[in-house]
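The values are calculated or read from the model by the stated rules, or taken from the named source; none is laboratory data. Quick caveat: nothing in here was measured; it's all calculated off a predicted structure. Using ideal geometry, Cβ is built from the backbone for each residue, glycine included, and neighbour counts are taken over all protein chains shown.
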Amino acid sequence: IGKQPRFYDAFPLAKPDDFLIVDSYADILDQAEDLVAKQVVTVPHGSFVEYMGSEVFAKLPIPTFGNREVLKWESDREKQREWLTSAGVPMPMKIERPQDIDRPVFVKYYGAKGGRGSFIAKNHEDFKESIQPGMKYAIQEYVVGTRYYMHYFYSPLATSGYALSRGSLEMLGVDRRDEANIDEMYKLGAQEALRKMGLLPTFVVTGNMPVVLRESLLPKAFEMGEQVVERSMELFGGMIGPFCLETIVTDKLEFKVFEISTRIVAGTNLFIAGSPYSDLTEPGMSTGRRIAREIRIGQKQGRLADILS
């Protein structure tokens, strides 16, 4: 956006063959004809949700990896919750009205904002202090535990592996996130005292760390991934390719899923040479490479229509 980034010059193996320079994501529509002529396939990421919007993206006349309908279900917090709960996935309790806050809650705005603007509130007064007027938000109970972000890949073309009703499910990695300023605020004292000083915790993602889950959690992790994919087939024709379940694991070793990202996520950058999970499927397999392989397999099998929209 705006100009070609220079930092790619420092990483030649990651540098794209071509750059498309636009002033905003909406301007990509003006380049659609040229991109189609070049046989480009779009791989959506968080910026498509946040800056282009699902409605505009749905009209983009460029072949897209995966089912672009899924972004409508991700970007709308109500639809996302309907999907996950109807799939049988455990979620934190939803608080319908700010006036009903009677316990610690986590407030998050609609869209893919990398944690920006999210906050904790313990009562209605806390909520009013931190809320940004005019922004759509969702309120969930604050679940105490450790947060893990699990990277899956669903292939409708695969015939082996963790089989679903159609295709199979893979786990390509797990990460957790460094967030400013919540990760360092404990050094300054209790949050109640800091709030009185005007210092409010924020949850802006600044980095990612690799994680290996306790092995006994893996069966439930796959079960949740399966439930989400199978329900997506019933609701909107199916989610295809990479997705991430954003979870909290409690001290009772129970998962709570607080969000789903229905696309490639930043945490996969940790595993460009493979992860402890993908290495047990094929050494060196990254999420980006797995997407490319799925497209190549679809092309060879004459089934691109099954994985592109």
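Brief remarks follow.
- Single residue of Glu82, Glu96, Glu78 found to be among the acidic types (Asp, Glu) and touching a helix residue (DSSP H, G or I) at 6+ places or on another chain (Cβ under 9 Å): Glu82
- Where a residue in region 1-29 is within 22 Å of Ile62 (Cβ to Cβ) and its partner, wherever it lies, is surrounded by fewer than 10 Cβ atoms within 10 Å (Cβ to Cβ) and small (Gly, Ala, Ser), with Cβ under 8 Å and at least six apart: Ile21/Gly2; Asp23/Gly2
- Counted residues, region 49-68 - those being touching a Leu at 6+ places or on another chain (Cβ under 8 Å), in a helix (DSSP H, G or I) and closer than 22 Å to Met233 by Cα: 4
- The listed residue being surrounded by 10 or more Cβ atoms within 10 Å (Cβ to Cβ), modelled with pLDDT of 90 or more, within 18 Å of Glu74 (Cα to Cα) and of a type in the set (A, V, I, L, M, F, W, C), out of Val43, Val49, Val36, Val56: Val43
- Of the strands (runs of 3 or more DSSP E) entirely within region 177-295, those holding at least 3 residues that are surrounded by 19 or more Cβ atoms within 10 Å (Cβ to Cβ), touching a residue at least 60 places away in the same chain (Cβ under 8 Å) and under 15 Å from the mean Cα position of the chain (by Cα) occupy 241-249, 255-261.
- Unmet criterion (only one of (1) outside any loop (DSSP other than H, G, I, E, B); (2) aliphatic (A, V, I, L, M); (3) at pLDDT 90 or above) for Ala26: (3)
- Residue among Leu71, Leu29, Leu13 that is of a type in the set (A, V, I, L, M, F, W, C) and touching a Leu at 6+ places or on another chain (Cβ under 9 Å): Leu29
- Failed item, numbered, when Glu69 is tested on (1) out of contact with any helix residue (DSSP H, G or I) (no Cβ under 8 Å at 6 or more places or on another chain); (2) of a type outside the set (Ser, Thr, Tyr); (3) surrounded by fewer than 19 Cβ atoms within 10 Å (Cβ to Cβ); (4) farther than 30 Å from Asn181 by Cα: (1)
- Residue within region 137-151 that is assigned to a loop (DSSP other than H, G, I, E, B) and modelled with pLDDT under 90 present: no
- Residues being basic (Lys, Arg) and under 13 Å from Ala138 (Cβ atoms) - total across region 64-122: 7
- Scanning region 3-27 for residues that are aliphatic (A, V, I, L, M) and within 21 Å of Ala292 (Cβ to Cβ) yields Leu13, Ala14, Leu20.
- For region 115-129, a residue qualifies if it is in a loop (DSSP other than H, G, I, E, B) and closer than 12 Å to Asp102 by Cβ, and the qualifying residues are Lys122, Asn123.
- Looking only at residues in region 154-176 that are hydrophobic (A, V, I, L, M, F, W, C) and touching a residue at least 40 places away in the same chain (Cβ under 8 Å), the one that is surrounded by the most Cβ atoms within 10 Å (Cβ to Cβ) is Val174.
- Verdict on Ile21 being among the β-branched types (Val, Ile, Thr) and assigned to a helix (DSSP H, G or I): no
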